[in-house]
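A short write-up of the structure that comes next.
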Amino acid sequence: MSAARIVVVGTGYVGLTTGACLASLGHRVTCVDVDVAKVNRLSAGRVDILEPGLAELVSRGLANGRLSFVVGAREAVRGAEGVFLCVPTPMGAGGSADLRAVEAVTAEIGDVLPPGCALITKSTVPVGTAKRIAAMVGRDDVPVVSNPEFLREGTAVQDFLNPDRIVVGSDSHAAAAWVGQLYGDLAAPIVVADAASAELVKYAANCFLALKLSYVNSIAELCERLGADIDLVTEGMGYDRRIGRTFLKPGPGWGGSCLPKDTSALVKVAESVDYDFRMLTSAIDENIAQRDRIVAKIAGACGGTLAGARIGVLGLAFKAGTNDLRDSPALAVSSVLGALGAEITAYDPAVSGGIAGMTVVDDPYQVAKDADVVVVLTEWAEFRNLDWVAIADAMEGDDVVDTRNLLDPGMILDAGLSWQGVGRPRAA
Ligand code: NAD
């Protein structure tokens, strides 16, 4: 396909990655945002989010003139052949997806889109949104295409350029196929669907991952009660190709900017068609129970009460490899600990600055100072290589609660500390 003129609205994790990667594939891309300061930083090649390879792609795109950043979608879309909507769709009041940003951009640009220009939703939007957008635009010459994004934060560029699949859905088969071709020669199957099916793929996939994680957290709880080891159980499960090895690790509960809002939104979509999606609501309930079990485990390590306990927290981001704190389980656990009276000192290699209810430090060893318990809440590999003897020396107590099963229990024991993970035998 020859180079297309593309506009990407929203320059967050998804929009910036989409814009920079499409430019790297040869397209001419204008990225739009309402955040003037962000547009200025990006125009100067400064990328705020932690994504390997992204800053390089942005610099290259700026240098070769294929990528630019502007404020003002209405002006930007003149001359565009395709416009990607990559704006937020957070959890709204009542749990449904909040589509105000999607609707605001649609209202802003609907009447000035060039004839034939495809309006493409990459934001995660409930089934029926393409239809709703088409009705808002009210033009036969503007096809609406759903092209959900599956990238993972921390590996966004890698995922965008090496996708497992590309999904495009529209009532206009030609428009869907055209969007598929924008991805050029990326070696991925392209699923061309109707708009509703494409929209549902994204929720069905994300919610399946949430179910898998809640299931594994439940199995980990059973392991603790039955004296089994979740590492061995999941190793044995993971060799089964019908199950697969990924998303089989227990933790402090799932979170991040997508799974909580997408599970909630799908429950609401199901309700709207009189379907009680009990399996999914159970997974959400189980996730809250998992957080509470982790809090109880930490309370136990503090001698039964959190009031006045000094807790050193390692990891705040919702997962390793990102600085994203949105709906982070590490923050959720910390905030319950704080509410129950614990004093929290936290360190995360990608997070600096103030967070309410805790002291954030920029040295991992500072969290250990006088701590009753040290808790690992994000699976940063570098925590494995800390000097655990030094940590033991600095601590008041001698318990490490490893909610990610990240550390080598033997190493913690050798340092003179005791270790407890999730679904694994305690090392003391
Ligand atoms: P984000 O919050 O990182 O970025 C959104 C950007 O849109 C911000 O820069 C914001 O300033 C901008 N914006 C908001 N309103 C705007 C408007 N009216 N006009 C122009 N710009 C506007 O969000 P994100 O994480 O990139 O998510 C975007 C969408 O992609 C969501 O629907 C999300 O569910 C979906 N998604 C996210 C991920 C992920 O891992 N983050 C993965 C797949 C899909």
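The values are calculated or read from the model by the stated rules, or taken from the named source; none is laboratory data. Keep in mind that this is a model prediction, so the values were computed, not measured. Every residue, glycine as well, gets a Cβ built from its backbone with ideal geometry; the counts of neighbours run over all protein chains shown.
Descriptive notes on the structure:
- Filtered residue count, the stretch 337-356, keeping only those that are in a loop (DSSP other than H, G, I, E, B) and either in contact with a helix residue (DSSP H, G or I) (Cβ under 9 Å, 6 or more places away or on another chain) or more than 24 Å from ASP292 (Cβ to Cβ) (or both): 9
- Residue in the stretch 56-82 that is farthest from the ligand (Cβ to nearest atom), counting only those that are surrounded by 19 or more Cβ atoms within 10 Å (Cβ to Cβ) and under 17 Å from LEU161 (Cβ atoms): ARG66
- Unique residue being at negative phi and surrounded by fewer than 23 Cβ atoms within 10 Å (Cβ to Cβ) when the list is ALA177, ALA156: ALA177
- If the condition is being under 25 Å from ALA55 (Cβ atoms) and surrounded by fewer than 15 Cβ atoms within 10 Å (Cβ to Cβ), then the stretch 135-151 contributes no residue at all.
- Scanning the stretch 243-268 for residues that are assigned to a helix (DSSP H, G or I), within 14 Å of the ligand (Cβ to nearest atom) and in contact with a Phe, Trp or Tyr (Cβ under 9 Å, 6 or more places away or on another chain) gives PRO260, ASP262, THR263, ALA265, LEU266.
- Just one of the listed residues (ALA177, ALA198) is assigned by TED's automatic domain parsing to the domain that holds PHE318 and either within 16 Å of the ligand (Cβ to nearest atom) or not in a loop (DSSP other than H, G, I, E, B) (or both), and it is ALA198.
- Looking across the stretch 389-404, the residues that are closer than 30 Å to LEU248 by Cβ and either in contact with an Asp or Glu (Cβ under 8 Å, 6 or more places away or on another chain) or assigned to a loop (DSSP other than H, G, I, E, B) (or both) come down to ASP399, THR403, ARG404.
- Annotation for the stretch 360-367: at least one member residue is touching a Ser or Thr at 6+ places or on another chain (Cβ under 9 Å), surrounded by 19 or more Cβ atoms within 10 Å (Cβ to Cβ) and β-branched (Val, Ile, Thr).
- Of SER264, SER272, SER257, SER282, all but one fail to be under 20 Å from GLY94 (Cα atoms), assigned by TED's automatic domain parsing to the domain that holds GLY341, among the polar types (S, T, N, Q) and over 25 Å from the mean Cα position of the chain (by Cα); the exception is SER272.
- From the options VAL14, VAL32, VAL7, residue that is buried (at least 18 other Cβ atoms within 10 Å of the Cβ), within 14 Å of the ligand (Cβ to nearest atom) and either free of Cβ contacts under 8 Å to residues at least 60 places away in the same chain or more than 28 Å from ARG139 (Cβ to Cβ) (or both): VAL32
- Meets criteria (crowded, with 22+ Cβ neighbours inside 10 Å, small (Gly, Ala, Ser) and closer than 20 Å to GLY256 by Cβ) for GLY321: no
- All positions within the stretch 230-260 that are of a type in the set (Asp, Glu) and surrounded by 17 or more Cβ atoms within 10 Å (Cβ to Cβ): ASP231
- Sub-9 Å Cβ pairs linking a first residue in the stretch 190-206 that is farther than 11 Å from ALA176 by Cβ to a second residue that is modelled with pLDDT under 95 and aliphatic (A, V, I, L, M), at least 6 apart or interchain, number zero.
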